[in-house]
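Contents: one structure, followed by commentary.
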Amino acid sequence: MTMPRSVDEILAHADQLAAKFENYEPDPAHELDANAVALLREAVTQRSAAERHVIDAVRAAREAGISWSAIGSFLGTSGEAARQRYANKVA
């Protein structure tokens, strides 16, 4: 599909889109399960909160003089990987 260029083409395209919207009939096969979507949203929210908590803990550890190697060990990775991931977030 090419994008409309003139005002008349733009208006005609807008009319086509409006008609498509007005005539839309939901297809149950393509509808998202509201419970599954809610679970995903909650999981993403929790993961985000957990990552903020980890960043706060890494910041506190660095302020307490704990090495990147030790931090990496607690995070289940190498000190270098921990430094690369968190150094700019805790500075």
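The values are calculated or read from the model by the stated rules, or taken from the named source; none is laboratory data. What you are looking at is a predicted structure, and each value in this text was computed from that prediction instead of being measured. Virtual Cβ from ideal backbone geometry, glycine too; neighbours counted across all protein chains shown. Each accessible area value is taken on the protein alone, full model and side chains, heavy atoms only, with ligands, DNA and RNA left out. Shrake-Rupley method; radii C 1.70, N 1.55, O 1.52, S 1.80 Å.
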Across (1) surrounded by fewer than 10 Cβ atoms within 10 Å (Cβ to Cβ); (2) aromatic (Phe, Trp, Tyr); (3) under 22 Å from the mean Cα position of the chain (by Cα), Phe21 clears everything bar (3)
Which of (1) surrounded by 10 or more Cβ atoms within 10 Å (Cβ to Cβ); (2) at pLDDT below 90; (3) not in a helix (DSSP H, G or I) does Arg5 not meet, given it meets every other one? (1)
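For region 39-63, how many residues meet the condition of being open to solvent by less than 100 Å² (accessible area, probe 1.4 Å) and either in contact with a His (Cβ under 7 Å, 6 or more places away or on another chain) or of a type outside the set (Lys, Arg) (or both)? Step through it out loud before you land on a result.
Within region 39-63, the first condition is being open to solvent by less than 100 Å² (accessible area, probe 1.4 Å), and the residues that meet it are 42-45, 48-51, 54-62.
Keeping just the survivors that are either in contact with a His (Cβ under 7 Å, 6 or more places away or on another chain) or of a type outside the set (Lys, Arg) (or both) gives 42-45, 48-51, 54-58, 60-61.
Selection size over region 39-63: 15.
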Within region 24-38, residues open to solvent by 100 Å² or more (accessible area, probe 1.4 Å) and more than 22 Å from the chain's Cα centre (by Cα) come out as Tyr24, Glu25, Pro28, His30
Could you say whether any residue in region 13-36 is assigned to a helix (DSSP H, G or I) and touching a residue at least 24 places away in the same chain (Cβ under 8 Å)? no
